[in-house]
Amino acid sequence: LVVEGDYTWDEAKKLCEEQGGYLAVITSQEEQSFIQELIKGKNNEGFWLGAENSGDIWTWINGEEFQYQNWDSGEPNGDSSDMKLQIYEEDGKWDDTWSDGDISGIKEHGYICEKDTSQNGIKTKSLFQENLIPKKRLHLI
């Protein structure tokens, strides 16, 4: 689910959770490429992803390991343990910013939701449309 608009990270997180999902987590180049295609050409410059930092350690909100990274040049550069993760529409690069988006100058953030599903005993992550029908399944290895 890709939602355009003006949301804080906390608002976006809550709205995803209300629909049975969570802010999108990117753990591979495949997922990165797929999400980049989804947000390409959208009106928002930045979209919230499901990662936050606490004490200089970045974590995904669904508990997956924070290994794959696609930081923009010079990022992360925040000096606070309350930084959140955004992805740029233009090039898919990542940036750390305040949960309200002010530090980056991008004040209007959309967001991307996904949810865990299971198909034939295989755990998958689905990005879903507003009616919660999976758009694409990304198999976890």
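With respect to Asn44, determine if the residue is closer than 13 Å to Ile87 by Cα, more than 13 Å from the chain's Cα centre (by Cα) and surrounded by 18 or more Cβ atoms within 10 Å (Cβ to Cβ).
yes
How many residues are surrounded by 13 or more Cβ atoms within 10 Å (Cβ to Cβ), assigned to a loop (DSSP other than H, G, I, E, B) and of a type in the set (Asp, Glu) if we restrict to region 3-20?
Of the residues in that region, 1 qualify.
Which one of these does Ser28 not meet: (1) among the small types (Gly, Ala, Ser); (2) modelled with pLDDT under 90; (3) within 22 Å of Asp116 (Cα to Cα)?
Looking at each condition in turn, Ser28 falls short on (2).
All but one of (1) at pLDDT 95 or above; (2) more than 12 Å from the chain's Cα centre (by Cα) hold for Tyr7, so report the exception by its number.
Evaluating Tyr7 over (1) at pLDDT 95 or above; (2) more than 12 Å from the chain's Cα centre (by Cα) leaves (1) as the failure.
Any residue in region 7-35 that is of a type outside the set (Lys, Arg) sitting within a Cβ distance under 6 Å of a residue that is part of a helix (DSSP H, G or I) and open to solvent by 40 Å² or more (accessible area, probe 1.4 Å)? List the pairs, counting only those 6 or more apart or interchain.
Leu23/Lys13
Of (1) surrounded by 16 or more Cβ atoms within 10 Å (Cβ to Cβ); (2) closer than 16 Å to Gly110 by Cβ; (3) of a type outside the set (Asp, Glu), Gly78 satisfies all except one. Which?
Among (1) surrounded by 16 or more Cβ atoms within 10 Å (Cβ to Cβ); (2) closer than 16 Å to Gly110 by Cβ; (3) of a type outside the set (Asp, Glu), Gly78 violates only (2).
Where residues in region 36-75 are part of a helix (DSSP H, G or I) and in contact (Cβ under 8 Å) with a residue 60 or more places away in the chain, which of them is nearest to Asp91 (Cα to Cα)?
Taking the candidates together, the pick is Ile39.
Quick test of your reading of the structure: Met83 fulfils all but one of (1) without any contact (Cβ under 8 Å) to a residue 12 or more places away in the chain; (2) in contact with a strand residue (DSSP E or B) (Cβ under 6 Å, 6 or more places away or on another chain). Name the failing condition by number.
Among (1) without any contact (Cβ under 8 Å) to a residue 12 or more places away in the chain; (2) in contact with a strand residue (DSSP E or B) (Cβ under 6 Å, 6 or more places away or on another chain), Met83 violates only (1).
The values are calculated or read from the model by the stated rules, or taken from the named source; none is laboratory data. Quantities reported herein were computed from a predicted structural model and do not represent experimental measurements. In this analysis, Cβ positions are derived from the backbone assuming ideal geometry, glycine residues included, and neighbour counts consider all displayed protein chains. The accessibility values were calculated without ligands, DNA or RNA, using every heavy atom of the protein model including side chains. Shrake-Rupley method; radii C 1.70, N 1.55, O 1.52, S 1.80 Å.
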